[in-house]
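**Q** I am attaching a structure below and will ask some questions about it afterwards.
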Amino acid sequence: MMPALKALERLRDGNRRFVADVRGRNQPPSQTRRNELMGGQEPSAIILGCSDSRVPAEIIFDQDLGDLFVIRVAGNIVAPSQVGSVEFAADRYGTRLVVVLGHSMCGAVRATLEELERSTDSRSPNLLSIVDRIRPAIEGLLETPHRHDPEQLMAQAVRANIRASAAHLRHGSQLLEQLILNDGLLVVGAEYSLETGVVHFFDGMPESLGRVSSASTQ
């Protein structure tokens, strides 16, 4: 079992390689690696990310086959099936790091803002189920000065949605709560920048690592 902080550093190192275009781990899997995984898996991190085609976790973190347990859904929302998937990997495989991974210019977040500003009956009930999961996290932003700055409103909404999803995982599952309290499970929120390729870890970070992360992005 890889400790959460070691897994987190592994992801951060991989993202640095990705940004520098010196990727090493994300090569076509060899027959040897596939054979190794026949006996089981021990993913170092669980990634709950957005389904956006521009944000494939294995690539932006430069990870190999079997390294990540990835759950993808539009808007990186947390519904019962996502909670159950995180519980499954944390309990079954002993994975001790969970990353809620959102990204800049998220289409699902934008659709929610549009719905809040001008409700429409044209969206299908299935699409509205995604919007309704995001709505509580961001609707308060329309009562702030960010409402008059669309770019800032979007940026703040993306991060608010990530924070809400991470908080839901921390406090919406008895199993995950116990693993956090007793077994070193860490749930963090992160945002991938489509513009730069950098993943910013900003929510739920241990204090010392949070300071390092902030300094490295200034």
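**Q** Picking from Leu179, Leu194, Leu169, Leu175, which residue would you name as being in contact (Cβ under 8 Å) with a residue 40 or more places away in the chain, touching a Lys or Arg at 6+ places or on another chain (Cβ under 7 Å) and not small (Gly, Ala, Ser)? So that I can check it myself, show each step before the final result.
**A** On the way: Leu179 fails: touching a Lys or Arg at 6+ places or on another chain (Cβ under 7 Å); Leu169 fails: touching a Lys or Arg at 6+ places or on another chain (Cβ under 7 Å); Leu175 fails: touching a Lys or Arg at 6+ places or on another chain (Cβ under 7 Å).
Going through Leu179, Leu194, Leu169, Leu175 in turn, the sole match is Leu194.
**Q** State whether one or more residues within the stretch 62-71 are surrounded by fewer than 19 Cβ atoms within 10 Å (Cβ to Cβ), among the aliphatic types (A, V, I, L, M) and part of a helix (DSSP H, G or I).
**A** no
**Q** Considering only residues that are among the aliphatic types (A, V, I, L, M) and within 11 Å of the chain's Cα centre (by Cα), look in the stretch 156-208 and name the one that is nearest to Val73 (Cα to Cα).
**A** Pass one, the stretch 156-208, residues among the aliphatic types (A, V, I, L, M): 157-158, 160, 162, 164, 166-167, 169, 175-176, 179-181, 185-188, 190, 194, 198-199, 205.
Next, only the ones that are within 11 Å of the chain's Cα centre (by Cα) stay: 162, 166, 187-188, 190, 199.
On the way: Ile162: 13, Ala166: 14, Val187: 18, Val188: 17, Ala190: 15, Val199: 18 Å.
Per the stated criteria, the residue is Ile162.
**Q** Residue under question is Leu179, and the condition is that it be part of a helix (DSSP H, G or I), more than 26 Å from Gly84 (Cα to Cα) and modelled with pLDDT of 95 or more; does it hold?
**A** Numbers: part of a helix (DSSP H, G or I): yes; more than 26 Å from Gly84 (Cα to Cα): no; modelled with pLDDT of 95 or more: yes.
So Leu179 fails the test.
**Q** Among the candidates Thr32, Thr95, which residue alone is more than 28 Å from Gly140 (Cβ to Cβ) and touching a helix residue (DSSP H, G or I) at 6+ places or on another chain (Cβ under 7 Å)? Steps first, please.
**A** Values: Thr32 fails: touching a helix residue (DSSP H, G or I) at 6+ places or on another chain (Cβ under 7 Å).
Checking each option against the conditions leaves just Thr95.
Residues are listed down the side, and each one gets a yes or a no for (1) within 19 Å of Asp52 (Cα to Cα); (2) surrounded by 15 or more Cβ atoms within 10 Å (Cβ to Cβ); (3) under 15 Å from the mean Cα position of the chain (by Cα):
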position: Arg96; (1), (2), (3): no, yes, yes
position: Leu101; (1), (2), (3): yes, yes, yes
position: Glu115; (1), (2), (3): no, yes, no
position: Asn126; (1), (2), (3): yes, no, no
position: Ile134; (1), (2), (3): yes, yes, yes
position: Leu142; (1), (2), (3): no, no, no
position: Asp149; (1), (2), (3): no, no, no
position: Met154; (1), (2), (3): yes, yes, no
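**Q** Name the single residue that is surrounded by the most Cβ atoms within 10 Å (Cβ to Cβ) among those in the stretch 27-60 being hydroxyl-bearing (Ser, Thr, Tyr) and at pLDDT below 90. Talk me through it step by step, then tell me what you get.
**A** To start, the set of residues in the stretch 27-60 that are hydroxyl-bearing (Ser, Thr, Tyr) comprises 30, 32, 44, 51, 53.
Next, only the ones that are at pLDDT below 90 stay: 30, 32.
On the way: Ser30: 11, Thr32: 7.
Looking at residues that are hydroxyl-bearing (Ser, Thr, Tyr) and at pLDDT below 90, I get Ser30.
**Q** Which residue out of Val83, Val22 is more than 12 Å from the chain's Cα centre (by Cα), of a type outside the set (Lys, Arg) and assigned to a loop (DSSP other than H, G, I, E, B)? Walk me through it before giving the result.
**A** On the way: Val83 fails: assigned to a loop (DSSP other than H, G, I, E, B).
None of the others qualify; the one that does is Val22.
**Q** Moving to a separate point now. Among (1) part of a helix (DSSP H, G or I); (2) in contact with a Gly (Cβ under 6 Å, 6 or more places away or on another chain), there is one condition Ala160 misses while meeting the rest; what is its number?
**A** With (1) part of a helix (DSSP H, G or I); (2) in contact with a Gly (Cβ under 6 Å, 6 or more places away or on another chain) applied to Ala160, the lone miss is (2).
**Q** Here's something else I'd like to know. Which ones in the stretch 93-108 are outside any strand (DSSP E or B), among the hydrophobic types (A, V, I, L, M, F, W, C) and in contact with a Gly (Cβ under 6 Å, 6 or more places away or on another chain)?
**A** Taking the stretch 93-108 first, the residues outside any strand (DSSP E or B) are 93-96, 104-108.
Retained after the next criterion (residues that are among the hydrophobic types (A, V, I, L, M, F, W, C)): 105-106, 108.
Within the stretch 93-108, just Ala108 meets the criteria.
The values are calculated or read from the model by the stated rules, or taken from the named source; none is laboratory data. In this text the structure is predicted, and so the values were computed from the model without any measurement. Cβ coordinates were reconstructed from backbone atoms using ideal geometry, including for glycine residues, and neighbour counts include every protein chain displayed.
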